[in-house]
Structures are given as C-alpha cells and as structure tokens.
Amino acid sequence: MNKIIILSILTCSLISLASAKDSPDMSESLKSSIVYLQVSYYGYEQYQPWKNKDISEGFGVGCAVSGNEVLTTAYNVANAAFIRAQKADRNEYISAKIKVIDYESNLALIELDSNSLGKPLVPLVFCEKYKKGAGVNFYWLSASGQMYNGRGFLDRASVDNSSISFSRMLTFVAAGVSDRTGSGQLYCLDNKPLGIACWGNENKEAGIIPAKVINRFLADARDGKYNGTGMTGFEVTRLLEPAMRKYLKMPDEIQNGVYVSSVYTIGTGSDVLRKGDVLLNIDEFDINPYGKFKHPEFDQLIFDYLITNKTAGEKIAFEVWRDSKKQKIETLVKNFNVSDMLVPWYEFDRQPEYIIIGGCVFQKLTKTYLTARGEDWQGKVEPHIYDYLLNQAFKPTEQRKQIIILSYCLPANINLGYHGLNQMVVDSINGMKINSMKDIPQALALKPQEKYHVIEFEMEQPTIVLDRSQLDSAGMSIAQNYGINKLYNINSER
C-alpha cells in the first residue's frame with residue numbers, strides 16, 4: 001500500500017514538473033519587470049545595545065508593481081541601511097527606499113529613484129489562482145543582469161507562522177523545486193504571476209507569499225494610509241472531549257467549535273471574546289474541534305486565515321457558545337504595532353532601548369534580546385523571564401506596557417557587591433512602579449532629598465542601592481572605560 005502511495009506521488013510530481021518544463025520560458029519578457037536588490041544592513045548588539053554591528057551585505061529580488069515600485073519580502077530589507085536596485089537593461093545601480101513595510105505579511109514596497117531609473121518597469125498583476133499539483137516556474141535576476149529560472153510544483157496551501165513575525169498567514173508550498181528560493185523570486189502558474197518566494201529548505205520545498213496576501217497588501221498601501229492585516233487576539237485549544245462539551249452544556253447536535261483558552265488585550269476579538277467561550281464559526285465558516293475550517297479552494301485551513309486575510313477596520317462576525325446558548329458577536333478586525341506588545345516579538349530598524357545607571361544596564365525585554373543567546377536559546381533563558389514571552393507577550397495593560405530587566409552590571413566601584421546580578425525584572429525605582437522605559441527618568445527624579453536611589457525587583461530579588469552623589473562621575477568613568485557613546489536610549493513614542 002505504501003509503495004502504491006509513493007508511486008502515485010512521484011508520478012504526480014513528474015507530471016507537474018513536465019508541465020512546468022513545457023510552459024514557455026518567460027525569462028526574456030520578465031527582464032522589464034524583475035530587478036536585483038542589493039541591501040546593506042546595520043544592527044546593534046543586543047547585550048551591548050550602544051554598539052553597532054558591522055555593516056553586512058545581502059540581496060533580494062524585486063518584482064515590479066508600478067513603473068518605479070517593486071515588491072519584495074520584508075525579511076529582505078529588515079534593518080536596511082541602504083538599498084539599491086539593478087535592472088537587466090542598465091549597468092548602473094538605482095537608489096531605492098522603503099515606502100511601506102509590513103513584517104506580519106512579510107512584504108515591503110520599495111520605491112526606485114525615477115531620475116536614475118531610465119525606462120519605467122513593466123508592472124506585474126498577481127493572479128489569485130491555485131491548482132494543487134500544478135507545475136510552477138520561478139524567475140530571478142542576478143547581480144550581473146542575467147535572468148535565471150527554475151521549476152517545481154504546487155504541493156499545498158497552508159496557514160503558517162511567519163518566519164519573522166507572530167502572525168499566521170496564507171502560504172503556498174512548492175515542492176521539488178530545482179533551485180533553493182526564499183529571497184522574493186517570482187513564481188508563476190500558467191505563465192501568470194502567482195506570488196513571491198519567502199523561504200526555502202533543504203527538502204527542495206519553497207514557501208510562496210500568494211497573490212491573495214500580496215493584493216491585499218498593495219490595495220491597503222495604495223490609499224496612502226496603511227492599516228495592516230488583521231491580527232488574532234486570542235488563543236484556542238481543541239475541543240474533542242465529550243465530557244468537556246457536556247460540562248459546557250453544549251447540545252449533542254453541535255459538534256463544531258474550539259475552546260477559547262486565553263484572550264489577549266490587543267488584536268481581533270480581544271474586545272468581545274471571553275475565556276471559556278466556544279468559537280463555533282467566523283463569518284459563517286464553521287470551525288471544527290481542531291480549529292480548522294473548510295475553504296472552498298484550499299480545503300482545510302487554520303481559522304486564523306479568516307482574520308489575517310482581512311485588512312484592519314473591516315467587519316468580522318464571531319458565533320460563540322456562551323452562557324449555554326449561541327451568540328453572534330460582530331466587531332472590527334484589529335491590527336497592532338509590535339511595540340504595543342508587552343514583550344515585542346521582534347525589533348527591527350531601530351536601536352534597542354536601554355539606560356545605564358551606575359553601571360547597571362537596564363533594557364526592555366524583547367524576543368530579539370532573548371534569541372541573541374544563540375542556538376537553543378529557549379533552554380538558556382531564565383524561567384521567570386521566559387514566562388513573560390510565552391504567556392504574557394500579547395497582554396499589555398495600562399499598568400504594565402513593557403517588561404524592564406536588569407541585563408547585567410558593568411563592574412565599577414559604585415556597584416560593588418552587585419556585579420553578579422543579572423536577568424532580574426524591575427519592579428520599582430525610588431518607590432515608583434516601572435511601567436515602561438520612559439518611567440525610569442521620572443522615577444530617578446523622585447525624592448531628590450534622599451541620598452540613595454533604591455531599585456527593587458520582582459521575586460524578592462536583592463535590592464540595588466546607589467549613591468546619587470556618585471552617579472555623574474561614575475557615569476563618565478564607565479562610559480570612557482567601556483566605550484559607551486551615550487548612557488541611555490529611550491524611544492519617545494511611548
């Protein structure tokens with residue numbers, strides 16, 4: 001039986017690849033629509049946030065969506081210091097800049113300098129078509145102006161976690177690809193643009209951001225005010241046990257639905273759903289006990305698609321089982337900035353926030369900060385800090401908008417006895433609860449008549465006491481000894 005299944009899959013693959021191979025080569029016609037992107041990246045050391053990383057170089061593929069605009073993945077241009085493009089018909093590089101970037105959709109709209117562009121690009125129209133098992137071709141331009149192509153076949157459509165964000169977006173997966181892709185290469189089905197490549201792996205698979213996601217992004221960007229894609233504002237668990245359904249007083253004829261196990265304070269549904277609800281359907285699509293629904297084109301998909309496929313501000317309807325009856329709740333699709341999270345999932349395009357007080361380095365907790373510990377970082381993170389990321393990241397409140405930690409102490413005379421303290425969550429400074437980084441300067445200004453600053457931490461960790469009269473001189477000495485150009489960086493928007 002297994003041999004028959006494997007043989008069928010191989011046969012389907014060969015037929016699909018043959019179909020892709022037989023399709024006319026579009027390399028020549030696409031030379032006016034695809035550009036090579038050269039990107040210079042900057043960055044900051046997470047554990048020495050006052051230090052810049054060395055500039056690095058990378059590349060990507062841009063696909064024209066207007067005469068002087070190209071589409072690429074957000075990953076390609078994250079932390080970009082400088083971007084320039086090259087066309088097939090010009091040896092000179094063209095300066096470019098980011099016009100709109102959405103890390104949740106993993107898409108970026110790049111504007112090329114019209115004065116140095118020469119002949120305008122020929123825009124592509126992305127076709128919202130999907131044929132499981134169909135052959136696909138993909139194309140990209142090299143730095144030398146050479147157009148390359150490859151082929152594979154459409155294996156499946158799924159709703160996957162973004163490679164750089166927390167969102168779950170529609171993704172097409174191509175299998176049997178002849179070259180590894182993931183830098184924005186253009187995929188075509190029946191000689192029509194299907195999407196752009198966002199990841200590749202060693203198993204000859206490639207992730208494709210499909211036309212549905214791309215067209216939503218472009219339509220949102222065109223009006224001059226980018227609203228962003230919908231973000232899920234709750235968590236669910238499977239609802240398989242009959243005993244649990246009986247406990248919830250659900251009648252036997254209702255077999256669909258998942259249990260709402262947690263509700264965030266941000267995101268779609270956070271304003272109307274409750275922990276303990278049973279989510280039965282979204283916009284009339286029934287949700288099965290596994291959290292999936294039947295899509296007319298893509299078959300079974302995770303329910304998040306019904307939210308992330310919408311633009312923030314659109315209407316959405318939930319049907320839930322609550323208080324022993326069905327209830328229909330309408331609300332608006334919501335997006336949120338990553339900076340709104342209690343523990344931001346990523347931090348691109350900006351210097352990390354920090355403040356150094358008497359050699360004590362205080363930082364805002366982010367996932368980027370934690371992943372800087374390297375491979376298997378989850379096992380290296382202190383449990384009380386990891387809990388904030390795992391269970392509280394999407395639950396900021398007015399009383400707690402950020403988690404501030406003592407990263408470590410730079411050894412100096414002013415902090416003798418505290419050199420070994422690190423990875424402690426700040427509770428208060430001079431008696432003032434610390435809600436975010438911007439609270440720290442205000443707290444340091446309190447009680448000017450007192451001789452010492454008193455910094456207290458959660459979990460009954462040791463208290464730090466610093467002599468106020470020594471801070472200025474100690475700060476200058478620490479900055480000089482450790483090569484620190486400024487002792488703090490606190491963003492002003494919060």
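Each row is one residue, and each column tells you yes or no for (1) among the acidic types (D, E); (2) surrounded by fewer than 14 Cβ atoms within 10 Å (Cβ to Cβ); (3) within 18 Å of the chain's Cα centre (by Cα).
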residue	(1), (2), (3)
Y187	no, no, no
I208	no, no, yes
G224	no, yes, no
N227	no, no, yes
V236	no, no, no
V258	no, no, no
G267	no, no, yes
V278	no, no, no
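Would you be able to tell me the number of residues in region 151-180 that are in a loop (DSSP other than H, G, I, E, B) and either surrounded by fewer than 23 Cβ atoms within 10 Å (Cβ to Cβ) or modelled with pLDDT under 95 (or both)?
So in region 151-180, the residues in a loop (DSSP other than H, G, I, E, B) come out as 162-167, 176-180.
So of that shortlist, the ones also either surrounded by fewer than 23 Cβ atoms within 10 Å (Cβ to Cβ) or modelled with pLDDT under 95 (or both) come out as 162-167, 176, 178-180.
Adding up the residues that qualify gives 10.
How many residues are touching a strand residue (DSSP E or B) at 6+ places or on another chain (Cβ under 8 Å), within 17 Å of N391 (Cα to Cα) and either of a type outside the set (D, E, K, R) or at pLDDT below 95 (or both) when one looks only at region 260-275? Don't jump to the end; show me each part of the working.
Residues of region 260-275 that are touching a strand residue (DSSP E or B) at 6+ places or on another chain (Cβ under 8 Å), as a first pass: 260-264, 267-275.
Restricting the remaining residues to those that are within 17 Å of N391 (Cα to Cα) gives 260-264, 267, 270, 274-275.
Those still in the list that are either of a type outside the set (D, E, K, R) or at pLDDT below 95 (or both) too: 260-264, 267, 270.
Residues that pass the stated criteria total 7.
Any residue in region 74-96 that's farther than 12 Å from D349 by Cβ and not assigned by TED's automatic domain parsing to the domain that holds E347: show its pairings with residues that are among the basic types (K, R) and crowded, with 17+ Cβ neighbours inside 10 Å at Cβ separation under 6 Å, as long as the two are six or more apart or on different chains.
Final answer for the pair search is A88/K31; Y93/R84; S95/R84; A96/R84.
Which residue out of L421, L389 is under 27 Å from S163 (Cβ atoms) and at pLDDT 95 or above?
Values: L421 fails: under 27 Å from S163 (Cβ atoms).
That would be L389, the only listed residue that is under 27 Å from S163 (Cβ atoms) and at pLDDT 95 or above.
Taking region 370-392 only, how many residues are in contact with a Phe, Trp or Tyr (Cβ under 7 Å, 6 or more places away or on another chain) and either among the hydrophobic types (A, V, I, L, M, F, W, C) or farther than 20 Å from L342 by Cβ (or both)?
2
Within region 304-344, which residues are more than 27 Å from T171 (Cβ to Cβ) and polar (S, T, N, Q)?
S324, Q327
Residue check: is E69 acidic (D, E) and under 20 Å from the mean Cα position of the chain (by Cα)? Before the answer, list the steps.
Details: acidic (D, E): yes; under 20 Å from the mean Cα position of the chain (by Cα): no.
Against the criterion (acidic (D, E) and under 20 Å from the mean Cα position of the chain (by Cα)), E69 does not qualify.
With region 22-133 as the region, which strands (runs of 3 or more DSSP E) entirely inside it contain at least 2 residues that are in contact with a strand residue (DSSP E or B) (Cβ under 8 Å, 6 or more places away or on another chain) and closer than 27 Å to T366 by Cα?
On the way: elements: 34-41, 56-64, 69-72, 80-86, 94-102, 107-112.
Filter on region 22-133 gives 34-41, 56-64, 80-86, 94-102, 107-112.
Being of a type in the set (S, T, Y) and without any contact (Cβ under 8 Å) to a residue 12 or more places away in the chain is the filter here, so list the residues in region 366-388 that pass it.
Residues of region 366-388 of a type in the set (S, T, Y): 366, 368-369, 371, 386, 388.
Passing the criteria: only T371.
If you go through region 408-420, how many residues are in contact (Cβ under 8 Å) with a residue 60 or more places away in the chain and either of a type in the set (D, E) or crowded, with 16+ Cβ neighbours inside 10 Å (or both)?
Our first condition is that a residue be in contact (Cβ under 8 Å) with a residue 60 or more places away in the chain; within region 408-420, this holds for 408, 410, 412-414.
Applying the additional criterion that residues be either of a type in the set (D, E) or crowded, with 16+ Cβ neighbours inside 10 Å (or both) yields 408, 410, 412, 414.
Selection size over region 408-420: 4.
Could you say which residue among V343, V320 is closer than 25 Å to N391 by Cβ, assigned to a loop (DSSP other than H, G, I, E, B), out of contact with any Lys or Arg (no Cβ under 6 Å at 6 or more places or on another chain) and of a type in the set (V, I, T)?
Details: V320 fails: assigned to a loop (DSSP other than H, G, I, E, B).
Sole residue among the options that is closer than 25 Å to N391 by Cβ, assigned to a loop (DSSP other than H, G, I, E, B), out of contact with any Lys or Arg (no Cβ under 6 Å at 6 or more places or on another chain) and of a type in the set (V, I, T): V343.
Scan S270, S261 and give me the residue that is more than 28 Å from D220 (Cβ to Cβ), among the polar types (S, T, N, Q) and outside the structural domain of Y388 (by TED's automatic domain parsing). Can you show your working first?
Working: S270 fails: more than 28 Å from D220 (Cβ to Cβ).
Every option except S261 fails the conditions.
Filter region 464-485 for residues that are hydroxyl-bearing (S, T, Y) and over 36 Å from the mean Cα position of the chain (by Cα); which is nearest to M432 (Cα to Cα)? Show your work before the answer.
As a first pass, look at region 464-485 and keep what is hydroxyl-bearing (S, T, Y): 469, 473, 477, 482.
Keeping just the survivors that are over 36 Å from the mean Cα position of the chain (by Cα) gives 469, 473, 477.
Numbers: S469: 20, S473: 25, S477: 28 Å.
Restricting to residues being hydroxyl-bearing (S, T, Y) and over 36 Å from the mean Cα position of the chain (by Cα), the top hit is S469.
The values are calculated or read from the model by the stated rules, or taken from the named source; none is laboratory data. For clarity, every value in this text was computed on a predicted model and none was experimentally measured. Methodologically, a virtual Cβ is constructed for each residue, glycine included, from the backbone with ideal geometry; neighbour enumeration extends over all protein chains shown.
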